[in-house]
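The values are calculated or read from the model by the stated rules, or taken from the named source; none is laboratory data. Every value quoted in this text rests on a predicted model; they were computed, and no experiment measured them. Using ideal geometry, Cβ is built from the backbone for each residue, glycine included, and neighbour counts are taken over all protein chains shown.
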Amino acid sequence: MVSTGAGVSTESGVPAFRGIGGLWEDFRPEELATPEGFQRDPEKVWKWYDWRRQIIKQVEPNRGHKALVEMQSCFPRFFLFTQNIDGLHQRAGSKNVYELHGNIWRAQCMKEKIRFEFLQTPLDEIPPHCSCGSLIRPDVVWFGEPLPAEIMRTAWDVAANCDFFFMIGSSATVEPAASLAWIARENGGVVVEINEEATAVTEIANEFFLGKSGIILPALIDALKNHD
Ligand code: BV8
């Protein structure tokens, strides 16, 4: 089981949330990534997402994303979960990506609740509306919102039964995604963390690789592939 966070996309040029240059540095999450913030000012929230969509549209998956595509063939069973909404795992070629927090390239009609691919950026109407005339929202999970039930059920089940749990590029600060590492550990899974800094997961990790995922993951895959 692999669970990735914003740290796997920073080498592509997508800013992470925390730390220097992070997305939250200039914005307050509760203002922008909450249903209340959206209700209060949909235009401000859509400006933030459109800015992020324009950045993500320009970037390419990095060596870390590509190594995770190869990693799939190193194990008989492989599950990739991500907290990221940028879609870069899919663009790198990963199949069957479990998106814990949704996807910035999908939107949802606030009235009809239907979800649809929504690729236009920059937006020509802010905030954008559905053809039915209602406001649409980014199809992402905001703070205070539940994660997709089916995906969370699968995540808990896989975490409790996996042999290896890789936590890559996440500050392990957001729940319930962060607890997956503990579930794996408590159920006998070997926890491997890759990060440029120590996190709460580091204390319970069996192995901690300090450094960039774009460097460590390719090296790890080489070792796995050449392992006799
Ligand atoms: C829920 C989508 C319940 C949107 C995101 C106390 C008060 C209030 C709330 C809470 C609370 N305690 C817990 C909560 C709940 C809350 C929460 O966890 N808050 C935290 C902040 C305390 N969680 C929620 O609200 C969740 N929902 O609990 O619902 C519920 C249940 C039933 C019914 C109703 C409600 C929803 C959380 C989802 C929020 N959505 N994103 C968007 O993106 O716009 S969160 C967002 O930040 C990301 O998705 C990600 O999950 C999260 C954390 O980011 P990371 O991925 O970890 O990135 P970060 O920048 O933090 O760290 C990057 C790391 O990478 C760093 O460690 C860095 O060192 C490393 N790195 C950088 N570069 C590299 C690298 N490592 C390796 N190589 C590199 N090159």
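What do you reckon, is residue 205 within 14 Å of the ligand (Cβ to nearest atom), among the small types (Gly, Ala, Ser) and more than 18 Å from the chain's Cα centre (by Cα)? It would help to see each step written out before you state the result.
Details: within 14 Å of the ligand (Cβ to nearest atom): yes; among the small types (Gly, Ala, Ser): yes; more than 18 Å from the chain's Cα centre (by Cα): yes.
Yes; evaluated as a whole, the condition is true for this residue.
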The stretch 154-192, subset within 16 Å of the ligand (Cβ to nearest atom) and of a type outside the set (A, V, I, L, M, F, W, C), residue nearest to residue 71 (Cα to Cα): 169
Mind checking which pairs have a first residue in the stretch 1-25 that is within 16 Å of residue 196 (Cα to Cα) and more than 9 Å from the ligand (Cβ to nearest atom) and a second that is among the small types (Gly, Ala, Ser) and part of a loop (DSSP other than H, G, I, E, B), Cβ under 9 Å, 6 or more apart or different chains? 3/170
From the list 70, 11, exactly one residue is in contact with a Ser or Thr (Cβ under 9 Å, 6 or more places away or on another chain), modelled with pLDDT of 95 or more, among the acidic types (Asp, Glu) and part of a helix (DSSP H, G or I). Which is it? 11
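Looking at the stretch 19-66 only, could you name the residues that are in contact with a Ser or Thr (Cβ under 7 Å, 6 or more places away or on another chain) and either surrounded by 16 or more Cβ atoms within 10 Å (Cβ to Cβ) or assigned to a helix (DSSP H, G or I) (or both)? Full working, then the answer.
Our first condition is that a residue be in contact with a Ser or Thr (Cβ under 7 Å, 6 or more places away or on another chain); within the stretch 19-66, this holds for 50, 53-54, 57, 59-62, 64.
50, 53, 54, 57, 61, 62, 64, listed by residue number.
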All but one of (1) touching a residue at least 60 places away in the same chain (Cβ under 8 Å); (2) more than 11 Å from the ligand (Cβ to nearest atom) hold for residue 196, so report the exception by its number. (2)
Scan of the stretch 31-64 for residues that are under 18 Å from residue 171 (Cα atoms) and in contact with a helix residue (DSSP H, G or I) (Cβ under 7 Å, 6 or more places away or on another chain), ordered by number: 64
